[in-house]
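Read the structure below first, then the notes.
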Amino acid sequence: MNITSVNPANGKTIKSYPTHTPNELNNKITQTHQAWLQWRNSEPLHRAQLLHELAATLIKRKDELAELMALEMGKPIKQGAAEIDKCAAVCTYYADNAESFLKDQPIETEAQKSFVTFNPIGVVLAVMPWNFPFWQVFRFLAPALAAGNCGVLKHASNVPGCALIIEDMVREAGFPADVFKTLLVGSDQVEAIIENPLVKAVTLTGSTNAGIKVAQKAGSVLKKTVLELGGSDAYIILEDADLEMAATACTDSRLINSGQSCIAAKRFIVVEPVAEKFTQLMLEKMKAKRMGDPLNADTEVGPQARVDLRDELHEQVQQSIKAGAQCILGGEIPEGENAFYPPTILTKVKKGMPAHDDELFGPVAAIIIAKDEADAINIANDSVFGLGGAVFTQDVARGEHIAASQLEAGSCFVNSLVKSDPRLPFGGIKQSGYGRELGMFGIHEFVNIKTVYVK
Ligand code: NDP
């Protein structure tokens with residue numbers, strides 16, 4: 001079997017890669033485990049130095065990596081370069097902070113000495129998606145290596161080039177051979193990888209369906225999972241919001257990565273008195289975004305990553321319109337052999353429509369009108385997802401209260417779009433998953449939090 005990458009801007013095949021046989025797969029996992037037996041004893045300073053090298057390698061190869069993303073999954077080249085900067089930042093962050101995050105923590109008891117120490121657990125499997133083909137991997141990989149773990153990656157089948165180059169860069173940065181390996185396999189091989197006794201835990205970023213399948217398998221063999229799944233983030237716009245600023249943040253968030261981000265704003269819940277003005281502002285801003293060739297530095301919206309995903313999105317838009325939503329921008333598939341979908345706005349969105357109830361993983365904004373603040377909060381929380389959320393108001397205390405205690409989501413921002421940051425824990429609740437990546441909480445997910453008691 002082969003894994004083939006296809007350019008979503010023109011439908012042309014880029015390259016085909018043969019998948020590993022079961023034997024090759026097991027050998028790679030065994031080699032990674034062997035590497036771990038040494039790596040787990042490496043000094044924190046040594047790990048930090050290598051992570052700094054990895055950051056430097058990423059920066060050195062930034063243009064090449066951004067171009068590869070543009071070709072394999074259609075990310076506009078400027079956004080690709082920014083993604084690589086962020087990958088370098090997460091390597092630097094853990095290089096600088098892992099030692100203190102993993103320092104023994106004394107706990108006073110009646111014993112002579114008692115403390116908590118953090119031991120690496122071994123080989124962790126990462127099942128990753130195509131939308132941020134480098135960032136999603138590096139936010140797992142940097143803390144994993146810093147904690148003394150090793151990793152194997154099953155990347156999404158449309159970005160094999162990105163997957164292989166990550167393995168290459170880890171080696172180029174000077175890490176011992178085999179601490180990290182890319183496995184070229186389809187999703188049908190993931191169960192076998194999870195069953196391999198040398199694999200100790202799994203992290204997955206992707207759809208809720210894939211998360212459920214992986215969690216079921218991992219549960220059946222009692223292996224820990226961290227799941228970062230879909231979202232339908234609600235942004236609440238209150239009557240006292242700076243509407244110009246809110247519409248800019250909402251548009252930028254909705255169009256992150258051509259709309260294909262788990263933490264993109266997806267539902268815009270506007271209170272009635274400012275609904276018309278906000279809708280008008282958002283229409284102007286969404287309309288002004290330039291869609292085009294991802295290799296062009298001026299492009300702001302590229303194609304969707306795959307034709308099937310684009311078609312699925314269009315179907316959700318059509319179903320929402322059938323159920324009473326009004327399309328005031330976009331909503332049509334452009335001609336040609338490509339996966340483009342234009343920035344689209346749906347108004348009059350109500351419960352029961354896909355635009356209200358499901359995740360729209362593309363550049364489609366769903367505007368929902370609420371009576372007042374309480375109604376807006378209820379609508380925001382009336383979702384199976386709980387990844388991020390934001391509130392726009394010039395009353396900062398009001399915004400903070402809503403963000404901190406009213407919204408049901410893992411990351412809630414005030415007067416800003418939601419973004420991940422190496423310093424801040426990231427993850428969801430409800431069907432958006434569980435566990436946290438990034439920050440101090442992220443590095444503690446895949447370690448043995450060990451109690452030591454010396455009488
Ligand atoms: P998937 O969730 O199917 O893919 C993500 C990763 O999981 C890929 O590596 C995929 O491998 C793997 N995978 C898929 N199914 C299984 C399975 N049963 N067992 C083990 N691994 C599996 O995403 P899609 O690419 O199909 O996108 C579909 C939808 O998922 C999007 O429209 C969006 O809603 C959501 N999504 C969310 C992301 C996020 O950041 N939270 C990222 C990407 C998608 P393979 O590619 O070989 O199938």
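List of remarks:
- Inclusion of Ala88 among residues that are part of a helix (DSSP H, G or I) and surrounded by 14 or more Cβ atoms within 10 Å (Cβ to Cβ) is warranted.
- Neighbours by Cβ (under 6 Å, 6+ apart or cross-chain): first from region 357-368, closer than 18 Å to Ile333 by Cα; second within 8 Å of the ligand (Cβ to nearest atom) and not in a strand (DSSP E or B): Phe361/Gln260; Gly362/Leu313
- Taken over region 287-312, the criterion of being under 16 Å from Ile345 (Cα atoms), open to solvent by less than 80 Å² (accessible area, probe 1.4 Å) and away from the ligand (no atom under 15 Å from the Cβ) is satisfied by Ala288, Lys289, Met291, Val301.
- Residue in region 267-280 that is small (Gly, Ala, Ser) and either in a helix (DSSP H, G or I) or crowded, with 19+ Cβ neighbours inside 10 Å (or both) present: yes
- Selection of region 185-232 for residues being of a type in the set (D, E, K, R) and farther than 17 Å from Gln136 by Cβ yields Asp188, Glu191, Glu195, Lys200, Lys213, Lys217, Lys223, Lys224.
- A single entry from Val396, Val391 fulfils the requirement of being in the same structural domain as Lys266 (by TED's automatic domain parsing) and in contact with a helix residue (DSSP H, G or I) (Cβ under 9 Å, 6 or more places away or on another chain): Val391.
- Taking region 356-455 as the region of interest, the helices (runs of 4 or more DSSP H) fully inside it that hold 2 or more residues being surrounded by 19 or more Cβ atoms within 10 Å (Cβ to Cβ) are 373-381, 439-443.
- No other residue among Glu64, Glu99 is assigned to a helix (DSSP H, G or I), in the same structural domain as Val170 (by TED's automatic domain parsing), acidic (Asp, Glu) and closer than 21 Å to Asp168 by Cβ apart from Glu64.
- For region 396-455, the tally of residues that are in contact (Cβ under 8 Å) with a residue 24 or more places away in the chain and either under 27 Å from Ala98 (Cα atoms) or β-branched (Val, Ile, Thr) (or both) stands at 37.
- Scanning region 202-213 for residues that are in contact (Cβ under 8 Å) with a residue 12 or more places away in the chain, of a type in the set (A, V, I, L, M) and open to solvent by 10 Å² or more (accessible area, probe 1.4 Å) yields a single hit, Ala210.
- Hits in region 313-339 (condition: within 16 Å of the ligand (Cβ to nearest atom) and touching a residue at least 40 places away in the same chain (Cβ under 8 Å)): Leu313, Gln316, Val317, Ser320, Ala339
- Matching residues, region 62-84, being within 21 Å of Leu438 (Cβ to Cβ) and surrounded by fewer than 16 Cβ atoms within 10 Å (Cβ to Cβ): Ala82
The values are calculated or read from the model by the stated rules, or taken from the named source; none is laboratory data. Since the structure is predicted, the reported quantities are computational estimates derived from the model, not experimental observations. No Cβ is skipped: glycine too gets one built from the backbone with ideal geometry, and neighbour counts run over all protein chains shown. For accessibility, only protein heavy atoms count, side chains too; no ligands or nucleic acids. Shrake-Rupley method; radii C 1.70, N 1.55, O 1.52, S 1.80 Å.
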